[in-house]
Amino acid sequence: KLVEGSRSSLLLKGIRCSQSMNTILKDLRSLQAPNCKLLSKKNAIVSFDTEGQQSLEFLCTKNDCSLFALASHNKKRPNNL
């Protein structure tokens, strides 16, 4: 293919998400407007855990998204994307 189709992305909030990360997710949503989905509820997902990987795969296949971004905030890793 000479021209690829656009990829859709999924934007998620972690267990705790700071206000600055919320604004970053909203800005990303506005940049990728027609090909992006922003989930508003907080998700209990730890991205590098086996259960977290399964739930991320489920959400991505359910929403037909090939890319994802997970925003979280904690003491050791503040403002994590």
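When the stretch 1-48 is examined, which residues are found to be aliphatic (A, V, I, L, M) and touching a Ser or Thr at 6+ places or on another chain (Cβ under 6 Å)? Reasoning before the result, please.
Within the stretch 1-48, the first condition is being aliphatic (A, V, I, L, M), and the residues that meet it are 2-3, 10-12, 15, 21, 24-25, 28, 31, 33, 38-39, 44-46.
The one that is aliphatic (A, V, I, L, M) and touching a Ser or Thr at 6+ places or on another chain (Cβ under 6 Å): Ile45.
Within the stretch 31-61, which residues are in a helix (DSSP H, G or I) and under 19 Å from Gly5 (Cα atoms)? Steps first, answer last, please.
Narrowing the stretch 31-61 to residues in a helix (DSSP H, G or I): 31, 33-35, 50-61.
Hits for the stretch 31-61 are Leu31, Ala33, Pro34, Asn35, Cys60, Thr61.
Of the residues that sit in the stretch 1-47 and are over 20 Å from Lys75 (Cα atoms) and charged (D, E, K, R), which one is surrounded by the fewest Cβ atoms within 10 Å (Cβ to Cβ)?
Lys1
Residues in the stretch 6-30 that are over 14 Å from Ser66 (Cβ atoms), among the small types (Gly, Ala, Ser) and not in a helix (DSSP H, G or I): how many? Full working, then the answer.
If we filter the stretch 6-30 for residues that are over 14 Å from Ser66 (Cβ atoms), which is where we start, we get 12-30.
Narrowing further to those that are among the small types (Gly, Ala, Ser): 14, 18, 20, 30.
Right, trim to not in a helix (DSSP H, G or I) and you get 14, 18.
Qualifying residue count, the stretch 6-30: 2.
If we keep just the residues of the stretch 62-81 that are outside any loop (DSSP other than H, G, I, E, B) and among the aliphatic types (A, V, I, L, M), which is surrounded by the fewest Cβ atoms within 10 Å (Cβ to Cβ)? First the steps, then the outcome.
Of the stretch 62-81, the ones outside any loop (DSSP other than H, G, I, E, B) are 62, 67-72, 80.
Narrowing the set further to residues that are among the aliphatic types (A, V, I, L, M) leaves 67, 69-71.
Working: Leu67: 13, Ala69: 16, Leu70: 20, Ala71: 20.
Across the stretch 62-81, the extreme among qualifying residues is Leu67.
Every number here is computed from the coordinates shown, using simple stated rules; none is lab data. This structure is a prediction, so every number in the text was calculated from the model and none was measured. Note that each Cβ is placed from the backbone with ideal geometry, even for glycine, and that neighbours are counted across all protein chains shown.
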